[in-house]
Structures are given as structure tokens and as C-alpha cells.
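Here the structure is laid out as C-alpha cells; the discussion comes afterwards.
The values are calculated or read from the model by the stated rules, or taken from the named source; none is laboratory data. Quick caveat: nothing in here was measured; it's all calculated off a predicted structure. For neighbour counting, all protein chains shown are included, and Cβ atoms are generated from backbone atoms with ideal geometry for every residue, glycine included.
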Amino acid sequence: MSEHVKNAPVELLTFRLSDQEYSLDIMSVREIRGWTKTTPLPHAPSHMKGVINLRGTVLPVMDLAERLGLPPREHSDRNVIIVVKHDDLMTGLLVDAVSDIVALGDDDLQPPPESTPGTQPAVIKALTLLDDRMIRVLDLAVVVANETSEAA
Amino acid sequence: MTTPDPMAEIRASFFIECEELLEALQDGLEQLADDASDIETINVVFRAVHSIKGGAGAFGLEALVRFAHRYETVMDAVRSGQIAPDDAMIKLFFRCADHLSDLVRGSRDETELPTAVGEALLGELDSYLGGTPAEETEEDIDFQPMGLSLDLPGINSAPTANTLQVTFSPQTELYATGNEPFKLLGNLAALGACTITLDASALPSLEALEPENCYLSWTAELESAADAAEVASIFEFVDGLCALDISGGAAPGFPDLPPLDDIPLGAELDDVEAEAPVAKAEAPSAAPAQPPTPAGAMADPSGTGKAAPSAAKSVVRVDLDRIERLVNLVGELVINQAMLSQSLEQAGLSPHSDAMNGLEEFQRLTRDIQDSVMMIRAQPVKSLFQRMSRIVREASAAVGKDVVLSPEGETTEVDKTVIERLADPLTHMIRNAVDHGLEDTETRRAAGKSAKGTVRLTAAHRSGRVVIEVSDDGGGINRPKVQQIAIDKGLIPADAPLSDTEIDNLLFLPGFSTASEVSDLSGRGVGMDVVRTAIQALGGRITIASEPGIGTTFSISLPLTLAVLDGMVVKVAGETLVLPLNLVVETLTIDETNIDHVRPGLNVVRVRGSFVPLSDLGVVLGYRPHLEDYIDRVVLLIALEDGNRAALVVDEIDDQRQVVIKGLDESFYRAPGIAAATILGDGQIALILDPSDIISQAQSHEHSAITARKEIAV
């Protein structure tokens, strides 16, 4: 994997979702697993794919594309589950494929443009350019925390 | 966590011991209530209080020492036959025991101690002693040297100073048990003018010296008002670990004590020093006499109970976390074993091959290990029941009713976590029984019952579950009143025709309270609905049976453990699900002869002449739409809490097996009807269903579907 070291305080894990590129702070990532069949939870929101067995604990898995409002698509063997931990809560995020780990300085991150009402406002906390591709940096707290309030 | 402080650890273990002692005390008092004349029981009770006092003294818990001391003084009087115990006294003893446990807990948690209650109780205690308490305070000195202030007015009761010669030769064991001669001598010196000389004559040459042996002894000349017994009491905790000789001065007090008590101690000391028994002559109530009984060994915190080591049950204290870890690991083992057997089966091995035989043995072992581990966590419900007997005492005193609790099946064992979480609901139910269940004394007399109300609390194992019942012999549920209240509160429509059972179950509705006026006992805004929720959270069920004029019985049925479940593994719409096996009363297959179509969306299945409504599990869980045809599907008959049955349609039954329960609490989505999850042999997660919840959900769907249709029709 290529390294893009600059003045480097942030390391990001980048991954693909429906032809778009997203990234997460690598410090919140616990592990990356291949796709396994999930056990669906009845009456759960559609982006909740269900639960899987993570070495003896029950891990809820969320389809990140559906969570972000991207069109649903078929799962392939290349799909992976990124296991993240936020506020002691473990969640699996289903993504299309993991691409790279990049190190970025604060300067490389730009705030996202003011969002228009009705779109996902706070989920993306920054944008960055990498080899002329735009990469969206996700705010994990919003992705996961919104979920909690929806379920409650 | 801060760094472990050895003193804090000792203190913690003292409080754990206190809990045990309090339990022994409670037990003893209950025996006394049955037969007050049994001297051995009185001894046990006395020793329990005394041991608490001793330990408390060592930690400087003055309030505790003071109360325990006066309590013990009265008991001592009973023990020596000065006072004959009567009912009122036993009751007072019970209340004192309650207060003592409050003090212990208060001291442990360092909260404020309820001194006012204590003073009142002490007043009552003293009234039994007549004029004697002043003299008895002298004993406080026993514990005072352990670090309390020294200016208690104890010494003046024996005003004449005399000279005592005290020879103190500690044995090696004294050091081994963590005692400190310096402190003991310091305590001695605190009694009066004291000259202590060291006798090192037994000290061998350096080559012969065993570093762990003790060769030193001390001689002290003490000028003090204290008598020999008092001096001996300083050495009470090292009794049997040293040779002690006290001579000169006044003869030991309390000559009326039976010399028999000395025999076990004397015998033990004979080989050490022949004269010791004289010195040992029973420090007043302080040396707890230690007759050679197993109880003596258990009740004594200082470790001097060596007199009867063989009979004490050997117990290991283990941190609960470690047990939890073991339970989890065994859970993993069970899952792994299931995975292994599944893959071996798939490998197509012959069932008679060595591998398969070995696997069978492995399965049996796994099951045994699991059962044994679960047994570690199992505890008798006794401690819980004892707490309840206190609740009954307090509750009956508060409402002025004469109530006796009759516990049964105290040795029934239940998972520790279940016991802990049962305390609150049970407390509430007991209070209810005393407050609402039982009539007042006049009504009882008028009804020709005994004036004393009885609350029965029973526990028993019944077909893999624990059944706990709280029943009273009161007037039963006043059904017209209950129904009227429910109507008044708008909980049910005024014209609703309800069966007796349905009316009884109104008690479980949120916001229901039957007390005509809110007493300070029950009716604190927590109703039976809270109780039911708590029980259900434990995987249990609660039912009511009531008969007018005879009484009411609440019966709680609980799983034995929260960790494993005997489950029926079924398949619905391609998903694997687990149902608690004990709720499945029957299975059958649907054919043309036993299914009937009532109206769209409602089918019933005929079971020996009765109709049971069908719910399709796949539909209820949203896995699939309604099926056109249910022929050849499998039906599970489920027993419901209200005694009715419901039928759940599944595609096939896979297996019956023990599954390890994995909580879903931590995952952030909680589906209705889903109790927990488990991991199957193939590593997949299967959801464990709560059938009652599923069925009530199915019925409410049904209802909303009907009302929706009606609205459309209108």
C-alpha cells in the first residue's frame, strides 16, 4: 500500500461505496472482516443487515451505502465488513471494498460545502483530494449515534 | 481502582464474614422463635453477635461495637439463664438483628448510621436487664485497646487496684496468624501501671535458631483495677496460640459460669502450660466459650476456632468476575463443540468411527462441565428469603398487623444473578401481601380466621424452572373493586365482560393501585406492572391465583440460569430461530383435517376438539408475506402465561439442543419478540424468541389489521 506522508496527524482508511470513495479515522477501526451471512433482525430498518458472530459476541452490521442513502446493490464476495468501535459500542460497517490507508495533515482536509436541506448534512465531516479523486471523510459518531436514536 | 490496600482487603473480608454471621444470627433467631429453650441455639446466636463485635472493635467501628455489645449482653443473660426469653424478646432480638445488619452495611459503605433506631432498641434491651447495664459496660475495654479511644468509663466498676503477674509466651502460630505481641502488651499496659520484662532465656544460639520460631516471652507486672479475667480478655484473640499465666490479685470474676466451658480450651492448652486454664476462666462473655461444635468454628473470625476444624464445611471465596469468565469460556466451548460435531457430520464420517464415538464422549463431557459451572453460580435462595422475613417484620409493624412469614424450600438453588435481581420485585410483592393481601385483625377474627396472618414464601424446582410463590391467607382479590378501579382509571371500558382471571390480571396494568388510600408502605407509584416487567426481564413469568376469603397466590416461574437455555431450533423462511423448549407443549403437522379458515388472516388449528389461533412466525417477524396454504407446515403449540395456548407456524424443526444465551443489550437495535441470540454450530447467529411477546404482537397486528379494515369499510 502506498503511503502519503505529509505533516501527518490523521491516518484514514479509505474504502469504496457504489463508485464513491469514503474514509474513516483509522483509530476507530478495530478490524476488517470478509463478508459473512448476517442473521437479519425482524422489523429492523433496511440498512441494518442483521447480526454476525464476532468471536463469540453478537455484532450488529449496517450496510453503510444504504445508511448514507446510496442505492442498494447486490453483495459480492469482495464486500468487507469494517468493525468499528465508537463509545464502547462495536458495529460492523458493510462496504464494497477497502482501498488504502492514507496519512493526511490537517491542511489537506477541507470542510464540506454548506449542505442543502434534506441531504445527509453532518455525516461527512471533511473532504480531501487524493490523486485528483475526492474522498469523503465520515464522522463515525454521526453514522452510529443517529442509529441509536432511531432505534430507541 | 487504586492500589490495593491490605487493610482495606482485611476490612472487606471482615464485612463478608459479617454477612455470613448475620445470616447465622437470623437462622438462630428463627430457631429460637420455634423453640426458645435450646441452649445451643442461643449460643450460636450469641457467638454470631459476639464475633461481629470483635471484628468491629478491631476496625474501630464504635457504633457497631456499642450496639453489638449491649445486644450480646442481653443474650448472655438469656444464655446463662438469668432471663427467660419470651415472644416479645425474640421479636426484639429480630429487630436488633435487623438493626445490626443496617449498622454493618452502613459501616461498610460508610454511610450515616441510623443511631436513633439503635438508641430506641438499646432502651428496650436494657429494660430486660433491669439494673445491670452499668456494670456490663466494663466489657467495652475488651475492644477498646484495638485502637479506640481509651477514656471509656469502664474501669471504675472494680475500684481496688491490685498487682497481677502476667506471663505471656507466644507460640510460633501466634505470629503465623498475624497477631502482634507488641500490640497485646500495649493493650495490657493501657490497663494500668505496668512493668514488662522480656525473657529471652529460651533463645538458642544462632546456628540452632529457626528463624520462624518464637523463643521470646514476656513477664508483666500490672498494677490495675482490672481483674485477671479482664486481662485474659486482652489475649482472647490469641487464645490457644500462646501460653498465658496470670497470677495474684483478685480471683477471676463470674464464678457462676459452668466450668465445663473451659474444658476444650484447657485440654488444648494442657501441653503448653498446666496453669493456663485458671487464667482462661471465661472473660465475661468475651471469650465466646467455644464449646466443641462446628458452629463455633464458623462463627469465630479470629481463627481461634481451631477447636473444631474438622466439621467446618470447606468453602472457597472466588471473585464473581472469575466465575463469569469461566462461564463465558464454557459457553464458547459449547459453541465450539457444536461446530466441531457439525463439521464432522458434514465430512461424512461413519457414525461408528472412532472420531464420532470420541465426539459423543466430548459432548457428554461438555454438558457435564457446563452443568458444573452453572452450579458454581447457583446459590440457595435462603439469603433472599431472610431479607424477606425482615420485610415482613417491618411491613407488618408499619400497618399494625400481626403477620408471620413461613418460608419453604430455602435450600432451592438459583443462579446468583437471578437471586440478586429478584430481591426488588419480591420485596414489593411481600409488602403488597402484608398491606393489601391480608385483612386487619378485626376482619380476620370476624371471618373466623386466626388473628395472625400468614404469608407463605416458597421456592421449588419444577421441570427445569424455579417456581417462587408468595401467598397470603387473606381475603383474596376483591374483584368487583379491582374492576371498578380499572374502569374509573379508564384502563378498561365500563361494559367489558371480564373473566375472573382477566380481572386478576388487571393488577399488572401500568398505573393500577388497589389501595384505597396510599399508605407509606406500598403504593409508592410502583405497581405490579413493574414487578412483572422485572420478572419478564429475567425470562420469567408471573401469575395470580386468588380465592375470595381464602387468599391470594402470586407465582413466579423463572429459568434456572440466564446463561443457557434448552431450545428448539426451527427454520422459518430460510432463517434459523430458537424457541425456549419448555414453552413448546406440543408439535403437530397441518393437514386438511385440522386447519380451519375463520376469516382472512385468521386460521385456527384444531387440537383435540379445541381451536387454537395460528400465527405464522415468518409473517410476524416480517420475513415473508402471508402464505396461501399452510398444509404440511409444522405447528408448535405454545403455552401462554394466562393458561391459553397459541400455535406458531414454522417450516421445519431442526433440533432440540442446549444453546448459550448471548445478550443483545449491547447491540443498538432491539427487536420486539426477540429475547436474545445464540451462536449455532455453523458459527451463525440465531435469534432466541420470546414466544409470548411474539404472539401478543401477532394479536395486536391482527387487531390493527381489523380496525384498519373497519375504518376502510366505514
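Points to keep in mind about this one:
- Test: B:VAL598 is in a strand (DSSP E or B), in contact (Cβ under 8 Å) with a residue 40 or more places away in the chain and β-branched (Val, Ile, Thr): no
Matching residues to (1) in contact (Cβ under 8 Å) with a residue 12 or more places away in the chain; (2) over 24 Å from B:GLU20 (Cα atoms); (3) assigned to a strand (DSSP E or B); (4) basic (Lys, Arg):
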{"residue": "B:ILE391", "(1), (2), (3), (4)": "yes, no, no, no"}
{"residue": "B:SER396", "(1), (2), (3), (4)": "yes, yes, no, no"}
{"residue": "B:ASN432", "(1), (2), (3), (4)": "yes, yes, no, no"}
{"residue": "B:GLU439", "(1), (2), (3), (4)": "yes, yes, no, no"}
{"residue": "B:GLU442", "(1), (2), (3), (4)": "no, yes, no, no"}
{"residue": "B:THR458", "(1), (2), (3), (4)": "yes, no, yes, no"}
{"residue": "B:ILE468", "(1), (2), (3), (4)": "yes, no, yes, no"}
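- Applying the criterion of at least 3 residues that are out of contact with any strand residue (DSSP E or B) (no Cβ under 8 Å at 6 or more places or on another chain) and closer than 30 Å to B:GLY622 by Cβ to the strands (runs of 3 or more DSSP E) found wholly in the range A:6-45 leaves an empty list.
- Check on A:GLY105, in contact with a Lys or Arg (Cβ under 6 Å, 6 or more places away or on another chain), modelled with pLDDT under 90 and either away from every other protein chain (no Cβ under 14 Å) or farther than 30 Å from B:GLY681 by Cβ (or both): yes
- The condition (being under 27 Å from B:ILE688 (Cα atoms), part of a strand (DSSP E or B) and more than 13 Å from chain B (Cβ to nearest Cβ)) is satisfied by just one residue among A:LEU94, A:LEU129: A:LEU94.
- Lone unmet requirement of (1) touching a Lys or Arg at 6+ places or on another chain (Cβ under 8 Å); (2) acidic (Asp, Glu); (3) surrounded by 14 or more Cβ atoms within 10 Å (Cβ to Cβ) for B:ASP596: (3)
- Restricting the range A:51-69 to residues that are more than 24 Å from B:ILE335 (Cα to Cα) and surrounded by 16 or more Cβ atoms within 10 Å (Cβ to Cβ) leaves a set whose member that is nearest to the chain's Cα centre (by Cα) is A:LEU64.
- Filter result for A:VAL83 (more than 14 Å from chain B (Cβ to nearest Cβ), surrounded by 15 or more Cβ atoms within 10 Å (Cβ to Cβ) and without any contact (Cβ under 8 Å) to a residue 60 or more places away in the chain): no
- Candidates B:THR543, B:THR576 - the one that is within 14 Å of another protein chain (Cβ to nearest Cβ), under 30 Å from B:ARG421 (Cβ atoms) and part of a strand (DSSP E or B): B:THR576
- Being in contact with a Gly (Cβ under 8 Å, 6 or more places away or on another chain) and either modelled with pLDDT under 85 or hydrophobic (A, V, I, L, M, F, W, C) (or both) holds for only one residue in B:ILE590, B:ILE595, B:ILE542, B:ILE556, and it is B:ILE556.
- Any chance B:VAL585 is in a helix (DSSP H, G or I) and either out of contact with any strand residue (DSSP E or B) (no Cβ under 6 Å at 6 or more places or on another chain) or not basic (Lys, Arg) (or both): no
- Failed item in (1) within 30 Å of B:VAL327 (Cβ to Cβ); (2) in a strand (DSSP E or B), with B:LEU664 passing the rest: (2)
- Among the residues of the range A:46-76, the ones that are facing chain B (nearest Cβ under 8 Å) and not in a strand (DSSP E or B) come to 1 in all.
- Residues being modelled with pLDDT of 75 or more and surrounded by fewer than 22 Cβ atoms within 10 Å (Cβ to Cβ) - total across the range B:224-246: 2
- Residue in the range B:373-395 that is within 19 Å of B:ILE90 (Cβ to Cβ) and hydroxyl-bearing (Ser, Thr, Tyr) present: yes
- Against the test of being at pLDDT below 85, closer than 30 Å to B:VAL373 by Cβ and touching a strand residue (DSSP E or B) at 6+ places or on another chain (Cβ under 8 Å), the options B:GLY464, B:GLY409, B:GLY437 yield a single qualifying residue, B:GLY464.
- Of note, B:VAL49 satisfies the criterion of being closer than 21 Å to B:ARG105 by Cα and in contact (Cβ under 8 Å) with a residue 40 or more places away in the chain.
- Within the range B:33-70, being assigned to a loop (DSSP other than H, G, I, E, B) and among the aliphatic types (A, V, I, L, M) holds for B:ALA36, B:LEU61.
- Tally, over the range B:183-213, of residues that are within 19 Å of B:LEU164 (Cα to Cα) and in contact with a Ser or Thr (Cβ under 6 Å, 6 or more places away or on another chain): 4
- Index of the failed condition, A:THR36 passing every other in (1) at pLDDT below 85; (2) more than 14 Å from chain B (Cβ to nearest Cβ): (2)
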